[in-house]
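The values are calculated or read from the model by the stated rules, or taken from the named source; none is laboratory data. Since this is a predicted model, take the numbers as computed values, not measurements. Backbone-built Cβ (ideal geometry, glycine too); neighbour counts: all protein chains shown. Only protein heavy atoms, including side chains, enter the accessible area calculation; ligands, DNA and RNA are left aside. Shrake-Rupley method; radii C 1.70, N 1.55, O 1.52, S 1.80 Å.
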Amino acid sequence: MNVGLPSWRKLTEHMVDELSLDRSLITRPDLSYQTIAEYYRLSQGSIVSLSRWLDREWNVCRDRIAASAIHEMIVSLEFPIIYTTNYDRNLETAFELHGRPYIKVTNAHDVARASGEVTQIIKFHGDFDEPESLVLAESDHFDRLSFDSPLDVKFRSDALGLTVLFIGYSMSDMNIRLLLYRLWRTWSNSGFEKERPPSFIFMPCPNPVQEAVLGHWGISMLSGDDDDPGMALQGFLELLLHEVNIARRRRKDHVKPE
């Protein structure tokens with residue numbers, strides 16, 4: 001939304017309007033956008049037309065991404081692997097605009113050819129270039145709960161051996177929560193829990209409930225101090241990039257020429 005993308009509510013409103021349903025359904029506590037998307041698929045036979053609408057609506061001009069400080073810092077931080085649940089191409093565009101190489105990973109074929117030489121952008125919930133890969137409707141999310149797809153297997157492997165920083169994920173997403181819980185159980189049952197690489201999550205504002213639960217699962221919470229989530233995230237990334245640049249300079253100073 002920092003670069004003008006519509007909210008999930010706008011997506012839900014579009015589905016309800018296209019299906020000629022009453023908009024009051026959106027506010028009902030027993031319906032989620034995933035369930036409405038499932039009904040959309042049943043009524044329309046597929047979500048292809050919805051995918052095309054999303055692709056059009058979520059097509060952000062390159063100038064707006066170029067002006068995004070958050071996207072620039074994500075590129076500058078040089079993360080080896082980025083997992084995103086977004087379907088859009090904004091991250092890929094940011095890397096292209098700032099002249100950094102990357103490889104996009106959406107399926108088993110991409111996993112096989114991915115290497116550590118350039119940043120891997122993992123489209124965890126699918127990509128507009130492959131509409132059938134989108135994790136959008138309720139059954140899509142249920143299927144992911146088995147965590148046996150190539151991307152799930154890759155994430156478990158990456159998360160077991162690397163430090164993970166979660167940014168922007170909705171901690172109400174049951175798929176993500178179950179994945180975090182299973183990672184914790186894996187380390188807990190291994191007998192080597194003390195050897196687990198540290199993991200962190202950034203939230204725009206403090207949340208003692210999430211901090212306690214996620215802390216029990218081995219994830220430390222970092223929080224901002226700005227009422228605007230976008231500004232809080234930007235401030236956090238600025239601090240992180242500052243510290244990373246200091247560490248880079250120190251490493252460079254310790255490298256002796258032959």
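Computed with a 1.4 Å probe on the full set of protein chains, the accessible area for Ile176 sits at about 10 Å².
Expressed in nm to one decimal, what extension gain is obtained for the pair Ser220 and Asn86 from 0.36 nm per residue of sequence separation less their Cα-Cα distance? Kindly include the intermediate steps, with their values, before the conclusion.
On the way: separation 134, 0.36 × 134 = 48.24 nm, distance 2.36 nm.
Value of the extension gain: 45.9 nm.
Ranking Thr93, Trp53, Met73 by how far each Cα lies toward the positive end of the dipole of the stretch 37-105 (charges on Cβ) leaves Trp53 at the top. For the peptides 103-112, 141-150, the ranking by packing is 103-112, 141-150, with the highest mean count of neighbouring Cβ atoms within 10 Å listed first.
With kT/(6 pi eta Rh) evaluated at 25 °C and eta = 0.890 mPa s, and Rh the Kirkwood radius from Cα pairs, the stretch 107-172 diffuses with a coefficient of 183 µm²/s according to Stokes-Einstein. Model label sites at Ala112 and Leu77, defined 7 Å from Cα along the beta-carbon direction, differ in position by 3.2 nm.
Lys/Arg Cβ at +1, Asp/Glu Cβ at -1, dipole of the chain taken about the Cα centre: which of Thr27, Val153, Ile176 is farthest positive-ward? So the residue furthest toward the plus end is Val153. Note on Glu57 and Phe147: their simple-model spin labels are 3.1 nm apart, each label 7 Å out from Cα toward Cβ.
Hey, what's the stretch 16-62 come to in accessible area per residue, 1.4 Å probe, Å²? Present the calculation step by step, with values, prior to reporting the outcome.
On the way: 2900 Å² over 47 residues.
Per-residue value: 62 Å².
For the stretch 149-248, the per residue solvent-accessible surface stands at 56 Å², with DNA, RNA and ligands left out and a 1.4 Å probe.
Given a 1.4 Å probe and every protein chain left where it sits, what share in percent of the accessible area of the chain is carbon and sulfur? Intermediate values should be presented prior to the final figure.
Working: 7730 of 14630 Å².
Exposed carbon and sulfur together represent 53 percent of the surface.
Each peptide in 191-203, 60-72 gets a packing score, the mean of other Cβ atoms within 10 Å over its residues, and the list from highest to lowest is 60-72, 191-203. Taking every protein chain into account, the 1.4 Å probe leaves Val209 with about 100 Å² of accessible area, to the nearest ten.
Here the gap between Asp173 and Leu241, fully extended at 0.36 nm per residue and compared with their Cα-Cα distance, gives a gain of 21.7 nm.
Would you mind working out the magnitude of the charge dipole of the chain relative to its Cα centre, with +1 at each Lys and Arg C-beta and -1 at each Asp and Glu C-beta, to the nearest 20 Debye? Could the numbers behind the result be given before it?
Details: 28 positive and 38 negative charges, 152 e Å.
Charge dipole, the chain, about its Cα centre: 740 debye, nearest 20.
By the Stokes-Einstein formula, at 0.692 mPa s and 37 °C, the stretch 47-193 with its Kirkwood radius over alpha-carbon pairs has D equal to 199 µm²/s. Put a plus charge on the Cβ of each Lys and Arg, a minus charge on the Cβ of each Asp and Glu, and nothing anywhere else: the dipole of the stretch 180-233 about its Cα centre is then about 500 debye.
With helices defined as uninterrupted DSSP H runs, which ones in the chain have an alpha carbon span along their own long axis of at least 30 Å and mean Kyte-Doolittle hydropathy of at least -0.5? Display every interim value, and only then the final one.
Values: long enough: 229-254 (38 Å, -0.47).
Membrane-span-like by this rule: 229-254.
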